[in-house]
Structure formats: C-alpha cells, structure tokens
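Here's the structure, in structure tokens; my notes come after.
The values are calculated or read from the model by the stated rules, or taken from the named source; none is laboratory data. Keep in mind the model is a prediction, meaning the values are calculated, not measured. Here the Cβ positions follow ideal geometry from the backbone for every residue, glycine too, while neighbour counts run over all protein chains shown. Ligands, DNA and RNA are stripped out before the accessible areas are found, and what is left, the full protein with its side chains, is counted by its heavy atoms. Shrake-Rupley method; radii C 1.70, N 1.55, O 1.52, S 1.80 Å.
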Amino acid sequence: EDRLKRKVAAGEKGNTNSNLADVVTPATADAAFEDRLKRKAAAGGEDKTNTNLSDVVAAATSDAAFEDRLKRKAGGSANKDISTSTKKIGVVLASKDEGMVPENQAHPEEIAFPLNRAAVHFAEPRLEPGGENEHIKASMPSDVKSGSSEMEPNAVSDLAFDSNRQSVGTDGGDIQGGQNGQQSRSSARHSIMSSAISMINASVRVATEYLATATLVEENEVELGEVVVAERVGIFERKWKAFASFFCFVLVAIVGALIMIPALTKNKEEKMGPTPTDVPSMLPSSSPSFDPRPTLEIVQERGHVRCGQRRGSNNPVMCRAVASVLFGDPNRFKTFTVLPGEYQHLHKRSVDLITAARSTIENDVRESTTGSGFTFSSPYLHDNIVYAGHEFFVQCAEERNRHGECSSLIICRAGCHCGIDVVQSRFPSSFTITAPGNELAEMLFNSTCNVVTTSKSNLFGESVIKLSDENNSNVFVGDNPIADNSFGLVTRKDDKEFSDIINWVLAALIYGEENGLKNDPSRCQNFTSLPIQTIDLNFMNAVYCVGNYDWILDQVIRQYSLNPDTRNQISNGTSGMLYAIPFHDWDKGFSAAAASNDDSDALNVIKKRRLNCGVTVPDSFDGVITSSKKLVGMSVDYCKALAAAIFSGSPDQVNVTAFSQNDGFVALNNGVIDVLAGAKVEKKYDFANPSLNLEGFDFSSAYYYGNETVGEDLSIFALATREDDAGFSSFVNCIVWATLHAQEKSIRREESMNMPLLPWFGQDFEWALRDVINHIGSYDQLYEKHFGLISSEERGRNRLNDGGPLVNSIPGLSH
C-alpha cells in the first residue's frame with residue numbers, strides 16, 4: 001500500500017519514470033475513461049457471453065478439469081501463459097470452511113474481497129518488442145498506456161484479465177464469442193474486459209466462501225512460474241485454541257479431584273466410622289450417625305448395656321447392677337476400657353455410661369476434650385490426693401518449698417490424674433518424675449524419689465504395706481490434701497431420662513444398705529419388656545440381683561486394694577452433708593474457646609426481662625415471704641443470688657412468688673416460673689409423672705437437709721428447673737455450689753473477688769460466682785442470717801462435711 005501511494009504520488013508530480021505511473025492514471029481525472037468503463041460494465045452485464053463466462057468461473061470450484069487447466073496455466077507455458085513475460089500475479093483462493101491456506105507464502109499481502117467487487121493486485125507487464133504478446137501492448141487503450149498515473153480499480157481488473165485472455169489461446173475463445181464477430185478489436189477488447197469484471201463479481205457472489213485471501217508474490221521472491229498449492233488444514237490445527245482450552249479444563253478438573261478425594265474420603269470415614277476389620281477392638285464401632293431415639297429404647301433393642309470402665313475389672317459390679325434394672329438379668333452387659341479419652345468414647349456413643357468418672361463442675365458444664373457437658377450421679381466414691389513419703393520432704397512439698405534444704409526434693413507422680421496437673425502447677429519438671437501408679441511405692445523405697453503423690457486410698461493398699469514391712473520403714477502421709485476426688489456414674493446430657501435411671505440405680509443400692517436389704521436371687525425379677533412408664537422400673541432389682549452399696553463398695557476396695565474412706569459410708573445425721581465437688585480437674589486452666597461460648601438459651605431470655613422465682617412454703621405459712629427466716633428466707637435469698645448472677649450483680653431483678661410444694665412444680669412445669677427454690681427432691685418429681693401431669697425436673701446440689709434418722713425418707717431441698725435446658729440447670733447448680741465452695745475456701749462476702757470466674761456461659765456471666773458471694777456471702781453466713789448462731793451439733797447435716805460419712809439415699813423407693 002505504501003509503494004502504491006509513493007508511486008501514485010510520483011505520478012501526480014509528473015515523474016514519468018515511475019513504473020506504476022506509466023500504466024495507471026486516476027479514474028477521477030479522466031471522465032471519458034470512467035464513462036467507457038460504465039458502458040462496458042453495462043454491456044457485460046447483458047452479454048450472453050459474459051454470462052457464460054460467469055458460469056464457467058462459478059463451476060470452477062467443482063470442475064476438476066478447470067482446476068487442471070489453471071495449474072497448467074500457472075505452470076508457465078512459454079507461448080500460452082503471460083507469466084513468462086510478465087511479473088508473476090499469484091492468486092490463491094482459500095475456503096473459510098475447509099481451512100485451505102497456501103504453503104510457503106512469501107510476504108503475503110492479504111486482500112479482502114467484498115461480495116460485489118473484486119480487488120486484485122496488479123503488476124506492470126513486461127512486453128518485449130516483436131514478442132508473441134506485443135499485440136497486447138498495441139491494443140491497450142490510450143488511457144492505460146504509459147504516462148497515466150491512476151486508473152479505476154475496475155480498469156485494473158480489466159487490464160489484468162484482458163492480458164490473460166490474450167495469452168490463453170483457445171481457452172479464451174470460450175468467452176469471446178458472445179458479440180458480433182465484425183466488431184473492431186478495440187470493441188472486442190472492451191467487451192472482454194467488461195466480461196471479466198462481471199465474471200469476478202459473479203464468481204465472488206457464487207463462491208464467496210472460497211474467496212478469502214489473495215497473495216501477491218514478488219518476482220524476486222519466488223521462481224517464475226511457481227505455483228503454491230493450498231492444502232487442507234487439520235481440525236486440531238484450525239481449532240487448537242478450543243482444544244487447548246478443553247485440555248486445560250480437564251487438567252484442572254483432574255487436579256481438583258486429586259485434592260478433594262482425600263478430604264471427601266476422610267469426611268466419609270468420620271461419618272461412617274472406622275473400616276471394619278477382623279481384629280477385635282476394645283470398643284464397639286461407632287454407628288454411621290447417631291440414633292435419635294432415647295437411650296433406654298436403644299439399649300433394650302440391642303439386648304445389653306455398654307458399660308465403660310476407666311480400668312479393667314473382673315467383677316464390674318456397677319455394670320451388673322444397671323443391667324439388673326434394665327433387663328432383670330445382671331449378665332446383660334458388655335464392658336469396655338475407656339482410658340484414655342473416656343469422655344470422648346461416651347460422647348461418640350461407643351458406650352452408654354461410664355462407671356467411676358471424676359465429677360467436677362467443669363465436666364458437668366463443658367468437659368474440655370469434647371466441649372460437651374455430662375450428667376453425673378451423686379458421688380459414691382470419695383478420695384483425696386496427698387503427699388506421702390519421707391516426713392521432711394513431705395513438709396517441703398506441702399509448703400511448696402524447693403530451695404535450701406528442700407532442693408533435693410524429688411516427687412514421683414502417677415501418670416493418670418492422681419495429682420499430675422496440680423503438681424505440674426506447683427513445681428518445675430526437674431523436681432518431678434512421672435511413673436505408672438503401681439510402681440510408685442517401689443520407687444519411693446528404692447530412693448528414686450522421696451515423695452509420691454497419689455490417692456490416699458492407694459497409699460494404704462497392700463503393695464505399700466508390704467513394702468513398708470520389708471524395708472522396716474514407715475510412710476508419712478501429709479495432713480493437707482492437695483486435691484479431692486469424687487467419682488460417680490456418668491451419662492450423656494442429651495438424654496435426661498436415661499441419666500435419671502442410672503442415678504436411681506445408685507440410690508437403690510444405698511437404700512438397700514440403709515434398710516438392711518441384700519442380694520436375694522428369689523426376688524431378682526427377670527422381665528422381657530420395660531414397663532410403660534420409666535418411673536415404674538424395678539430399681540430394687542439392683543439390690544436383689546447383685547447386692548447393696550456396702551457389698552459393692554467392698555468388692556471395689558478388695559479388687560483395687562484400697563483403704564476405705566470414711567466419707568463412703570451412710571450418713572446417720574451426725575456429720576455435715578454439705579459438699580462442694582471440685583470445680584475442675586487439678587487446677588488446670590480454661591481454654592479461651594470455652595470462655596467465649598454461651599450454653600443456655602434460657603439465660604439470654606431471662607436477661608431481657610426479669611427472673612421469675614417460686615419459693616415453696618409450708619401449708620400453714622401466712623407471713624411475708626420476702627422477710628421470712630429459716631428455710632423460706634434462705635430460699636428467697638437463693639432466688640436473689642441467682643438474679644445477681646444473671647443481672648451483673650443486681651439482686652432486685654426478680655419476682656418472688658410463694659407456692660405449696662405441688663403447686664410450685666405445676667407452675668414450673670407450665671413455665672409460670674423459671675426456677676423453684678426450696679423444692680423437695682423426690683422420685684416422683686425427678687421422672688416424668690403422668691399421674692401428676694408433670695414432666696421430669698432437674699435438681700441442684702442440696703442446700704438444706706431435714707433431721708430424719710437412718711431408714712426414714714430424708715428431706716432434701718434444692719433449686720429445681722425444667723429439663724428442657726440443661727445449660728440453665730447447670731448454671732443454677734453453680735449458684736448453690738458457689739456458697740459451698742466459698743465456705744470450703746473460707747471466702748466471706750467481703751472477699752468475693754477471690755471466687756473463680758465462671759468461664760462456660762459467655763462473657764456476660766463470667767463474674768456470676770463473685771456476684772453471688774458479694775450478695776449473700778458463704779454458706780455459713782447465709783445460714784446464720786436465717787437460723788442464727790447455733791452449734792455444729794444442732795445444725796446436724798447442714799454443715800460442711802469434714803471427712804465424716806457422706807452417703808445418703810433419695811426419698812421415693814420402697815421394698
């Protein structure tokens with residue numbers, strides 16, 4: 001295009017040496033030439049010969065003979081192809097559909113063909129004097145001879161095709177016979193050029209899909225007469241982008257699948273449980289999903305109860321007692337060792353209950369390894385963790401002294417519970433050695449360590465006594481327990497009915513001892529179906545089929561060589577019954593995750609209004625409830641203490657209403673009140689009771705006992721809540737626990753800041769325990785406010801336990 005512009009510009013300036021200017025002249029400058037072109041085009045369009053020529057060109061796409069002729073002409077016959085005496089004009093036709101492109105293109109200049117007009121690159125002919133084609137030059141019209149600077153595009157086409165027709169010979173005759181044979185050579189030439197124009201326009205219209213590009217091949221770039229043959233391009237070469245995109249997509253999909261398959265497999269394994277294997281396992285395989293039915297129904301259908309134990313036992317007496325109540329057959333159980341991870345096994349439903357699990361406030365609300373709370377029976381085994389060994393070093397350990405003469409202190413500690421965490425919090429690791437519990441005594445006597453820490457019961461076991469005798473050495477036992485252990489039966493918190501059954505199995509064993517009942521196979525009732533109502537289960541089967549509490553405790557002591565703790569005896573009313581279970585395990589800290597969670601919807605609902613608290617009063621009560629004393633006044637203060645815990649220290653955000661015992665439970669059942677203070681703990685209120693039209697209720701730790709003698713139904717008073725919100729029930733229990741803990745740690749009202757934070761119910765309730773003590777003080781302060789200053793003997797069971805008997809049954813059983 002640049003060369004053409006330069007040549008045209010040169011021609012306009014009169015440069016007659018320009019190659020193009022010698023041939024081309026502007027069509028706009030020669031009106032006569034433009035008129036002739038129009039007349040020729042009009043004549044060609046009506047000419048039959050031209051029409052025939054167009055048909056020939058259109059048929060060329062499918063006529064093999066015509067294609068052969070084109071190749072022969074392009075091949076360069078000296079006497080028939082103008083290419084032998086002119087610059088090469090190479091026209092390549094390519095099909096857009098068939099993907100035809102020329103091979104070995106030498107600097108192609110592509111030309112776009114419009115549908116109604118042809119554009120062909122023109123090259124100046126080289127004609128030698130006397131040559132065979134000299135007549136062509138002679139026949140050129142004056143408007144295209146040397147010296148012209150421009151010409152109409154159609155004129156260029158005319159010239160190109162005119163020259164071609166002159167050199168074709170007989171082939172040209174096919175398109176020259178349409179007009180009068182007597183016309184002059186000039187008229188014939190003009191007619192041929194018009195026909196060529198019409199031919200090109202018609203061929204473009206007929207074979208539009210085949211005219212895609214044209215390539216001008218310079219003389220000095222290829223050999224004269226060389227023809228470039230177009231070849232079909234394969235589908236992959238024509239559509240390589242689409243195929244590349246497709247293969248990229250497939251590759252990405254494969255990589256994504258390789259990444260996702262392990263994750264999906266792991267998720268499936270977590271849902272489906274471990275892969276079945278022929279190797280026996282310690283625990284049954286978990287089900288693909290949790291069965292939503294009540295645990296009691298599942299156990300009955302299974303035909304046995306899964307009983308988890310912290311350590312193996314040849315005589316799992318507590319499991320036998322539970323099976324006796326559920327099936328009437330003490331042998332319908334299977335035991336599984338659940339250490340380590342005892343609560344995880346229970347949480348995943350690998351077992352239905354665990355015997356002898358450590359009861360703490362933390363485990364009740366949110367156990368650390370599972371994030372879930374669990375329901376504990378009344379404690380039936382109590383034990384202390386103490387230091388024992390050489391007297392001097394035991395005193396060093398109790399005083400937390402590791403300097404000076406105490407620098408040689410070495411403490412051997414058991415590898416499971418037994419003081420391991422509390423010792424870690426008091427001494428650096430260089431002062432402690434961890435060892436199996438059954439090796440501690442030997443390590444003490446061979447001087448591996450000079451102090452051991454384990455349960456008090458184990459220290460007086462047969463192994464320690466034997467080693468003491470052999471070494472003529474006495475073991476000094478510290479006076480200050482470093483931790484306390486309380487063990488009970490534990491179940492999941494999502495099935496309160498089954499938890500109540502397990503607790504009442506224990507109550508029946510204690511009731512049997514209180515009333516002198518023992519194992520009696522003749523009274524062991526075997527049955528094939530449960531009663532319609534759970535409350536009607538025969539709990540006394542635990543005694544008749546297995547034995548009473550004293551017999552079962554004796555079996556445990558004998559098996560593990562334990563020394564009986566006095567607290568594991570039946571209370572006769574002469575010692576304190578008030579007991580605060582441990583707050584958490586071994587002084588270990590709380591996780592931040594636990595401190596950020598809220599475990600009760602009821603707390604949030606109540607916080608938006610006021611607390612509604614009912615208080616039970618005697619039938620003859622006619623006083624003002626808010627100014628009452630003794631048990632009623634104490635119950636009112638527990639309502640206010642609960643309000644202070646919920647409303648950030650404000651005890652007045654509570655509505656207190658008096659009820660009789662039965663009416664109070666009805667009001668609580670119907671949602672009229674949120675909690676019932678002074679509620680009497682009885683079997684008929686613990687289970688759902690259709691005869692009273694009541695659902696079951698939860699009870700806090702007891703805060704007041706009656707003065708009944710052994711064998712009589714003991715009056716036990718606590719805070720009662722509905723069973724539909726286990727989190728709220730646990731929170732309410734913490735209110736009573738706070739007063740007992742404060743008494744145990746000698747924290748008075750003025751020292752409420754010494755109470756621990758409550759980390760399991762959200763930030764709004766972290767200071768709940770401190771607010772409780774700030775309002776009502778410790779248990780003794782509260783008791784003295786309502787009962788006055790009286791001696792410990794007169795208080796009977798209503799004082800903190802000091803190591804005396806601590807076991808009692810719950811009213812509601814009969815034999």
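Below are the figures for this structure:
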| read-out | value |
| --- | --- |
| P(r), alpha carbons of segment 595-696 - 5 Å bins starting at zero, rounded % | 2, 13, 21, 21, 19, 14, 7, 2, 0, 0 |
| Accessible-area value, D291, 1.4 Å probe, nucleic acids and ligands omitted, Å² | 60 |
| Most to least accessible of H347, H390, H304 (protein chains only, probe 1.4 Å) | H390, H347, H304 |
| Kirkwood hydrodynamic radius of segment 750-793, from inverse mean 1/r over distinct Cα pairs, in Å | 11.8 |
| Largest-first ordering by accessible area, 1.4 Å probe, given options L444, L258 | L258, L444 |
| Per-residue SASA entry for E399, accessible area with 1.4 Å probe, Å² rounded to 10 | 130 |
| FRET E, pair Q525, M753, Förster distance 56 Å, beta-carbon r, rounded to 0.05 | 0.50 |
| Global size of segment 335-404 as Cα Rg and Dmax, reported in angstrom | 17.4, 52 |
| Whole-number accessible area per residue in Å² for segment 712-790, which is evaluated in the context of all protein chains at 1.4 Å | 38 |
| Within segment 663-693, backbone nitrogen closer than 16 Å to the virtual label 7 Å beyond the Cα of D536 toward Cβ | 684, 687-693 |
| Label-point separation in nm, S814 to Q424, each point 7 Å along Cα→Cβ | 5.3 |
| Residue-normalised accessible area of segment 340-388, given per residue in Å² at a 1.4 Å probe | 25 |
| Cross-link table K608/K629; K493/K683; K348/K683; K493/K684; K629/K684, entries beyond 22 Å C-alpha to C-alpha | K608/K629; K348/K683; K629/K684 |
